[in-house]
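Reviewing the structure listed below.
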Amino acid sequence: YYNIWNWLSKANEVDAIFFLGDFIYEYGGTSSFGRNHDPPYEILTLFDYRIRHSQYRLDKDLREVLRQYPIFSVWDDHEVANNSWREGAENHTSSTEGDYQVRKVMATQAYSEWMPLRYPNPGENIRIFRRFHWGNLIDVHFLDTRLFDRDEPFGTLVNANSAALNDTARRMLGHEQLQWLKNGLLNSNAQWKVLAQQVMMAPLQVLGLVVNGDQWDGYPAERNRLWDFIMNNNIGNLVVFTGDIHTAWAMDLPYSGYNPSTGANSVGVEFVTTSVTSGNAINIPGGSGLIQSANPHIKFVDLDNHGLFIADFNKQRVQADFLFTETVSEPDNINVSCPIAFYSISGERFVRQASSCVNQKKKYPPLAPTPGSLSGTHSKSDYITGFNAWPNPTISTIVVQFNLSKGQEVYLRVMDIDGREVFSNDLGYLEKGLRYAHFDATTFPSGIYFILIEGKSGRKGCAVLKI
């Protein structure tokens, strides 16, 4: 259960939320909590990906946090398939699942329809690397280390000295994105330069083995090119935000000659967020103790908890407060703790452990009020809930999703902004549960429309459509 979103939607303690990937998962199967995937099989088609995105938004806690806060998002691999890259994925078999490039196009199209993302090149769904500026305090560079130009990743426990791993031609960002990032860093006048991206940048090795070749460890030559540029151009106050591995970390980025005792010759700092609910992804015998003893630049690692971190910036320092939920196996449990925090001082390049977490109770604007009857949020006594329609905006066929609390006769109506009915369809008797309808909007003039699903009970669901 998304208890951390439940807590955050009520806490009013942040300005914005960064989603760093794996917003959905492509797998099928069932859950021991009854939270089963829809469709129940692994998603492959545009319709499948649209349904899966739609299903996630039926979760009340996710829906509420999306309603309350500005969202900045990048994808990782599961928005397409596990361990995806430019031309394939570990969880894609062309002989049985078709052309990977077709699947990638379908997945990224559904992502563009559902996620609150302004694409830097409208109509080019595969390019999502972009930057944002918060005055002269923070520049955030959102990267794509997954789909744009990544070469095929290695697996786990790879010899760190292998020639294939250290091939200088291996790409993580690719030339175009790397040059874009270099230009952005070089021309930034912000106090802090943030890279918001998917996979761990700092090294993670045990006994001379790269633990996870899917991370930046699998692309050491390109990481070196980036780090050389940063150090040679004296670019300071670099902070990396990372997701992917469902565990929490705070660490330095160790350059040649790095001193773990003083932090000297660190490129910058990295904070890795754990998962909202997904199972913890790192399983090393010896756990965090072995990890830190073999990697002294890693100052903190938690392999068990779920939650997020809150990054607090000012001119003097950036601090990451790690917040963990008490449980993900019980709904509506919003007990959250902040057991540890780390910070980096402006002008330094390494992390220090904080004595306490930041008191986030600032004078934020009030949260959005409780939604009205047309927003898609209804009481349990209502018969039509969880209303969605996509793609929106559209010039083509519209898919309408809704949930019936009981079986009944159902009608679909479309009204223009002046209240005139432009389309209607009797859907007949439908059993309770998640249901779908569709209609063709290609002949509708451009404008704003209202889609209504009406039950015989008199209950209605409504969505606003733009053409």
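The values are calculated or read from the model by the stated rules, or taken from the named source; none is laboratory data. This one's a predicted model, so the numbers in the text were calculated from it and none came from an experiment. We place every Cβ from the backbone using ideal geometry, glycine too, and count neighbours over all the protein chains shown. Surface areas here come from the heavy atoms of the whole protein model, side chains and all, with no ligands, DNA or RNA. Shrake-Rupley method; radii C 1.70, N 1.55, O 1.52, S 1.80 Å.
In whole Å, what are the extents of the chain along the principal axes defined by its C-alpha atoms, from largest to smallest?
73, 52, 44
Given a cut-off of under 8 Å on Cα pairs at least six residues apart, what relative contact order in percent is computed for the chain?
Once normalised by length, the contact order is 12 percent.
Could you state the number of Å between the C-alpha centres of the range 64-101 and the range 230-294?
24
Can you send over the carbon and sulfur percentage of the accessible area for the range 287-333, probe radius 1.4 Å, protein chains only?
Here it works out to 46 percent.
Under the rule a/c < 1.5 gives rounded, and otherwise a/b versus b/c splits prolate from oblate, where does the range 270-346 land using the Cα gyration tensor?
Judged from the Cα gyration tensor, the range 270-346 comes out oblate (a/c at least 1.5, b/c at or above a/b).
In the chain, if the dipole is taken from +1 on Lys/Arg beta carbons and -1 on Asp/Glu beta carbons about the Cα centre, which of SER112, GLY29, SER95 is farthest to the positive end?
Sorting the options by dipole projection puts first SER112.
Kindly report the accessible area of the chain per residue (heavy atoms of protein chains, probe 1.4 Å, no ligands, DNA or RNA), in Å².
Values: 19990 Å² over 467 residues.
Result: 43 Å² of accessible area for each residue.
What Rg and what Dmax come out for the range 83-172 when only alpha-carbon atoms are used, in angstroms?
16.3, 51
Direction-averaged shadow area of the convex hull around the Cα atoms of the range 382-467, nm²?
Mean orientational projected area (the range 382-467, Cα hull): 4.9 nm².
Of all beta bridges DSSP finds with both residues in the chain, what is the antiparallel percent, to the nearest 5?
Of those bridges, close to 80 percent are antiparallel.
Report the label-to-label distance for SER278 and SER424 in nanometres (one decimal), using points 7 Å from each Cα along the Cα→Cβ vector.
4.6
Which distance in Å, rounded to a whole number, links the C-alpha centroids of the range 129-203 and the range 4-37?
Between the Cα centres of the range 129-203 and the range 4-37 lies a distance of 25 Å.
Given the rule -39500 (n - 2.57) for each run of at least 4 DSSP H residues, summed and divided by the residues of the chain, what is its mean residue ellipticity at 222 nm, to the nearest 500 deg cm²/dmol?
About -5000 deg cm²/dmol.
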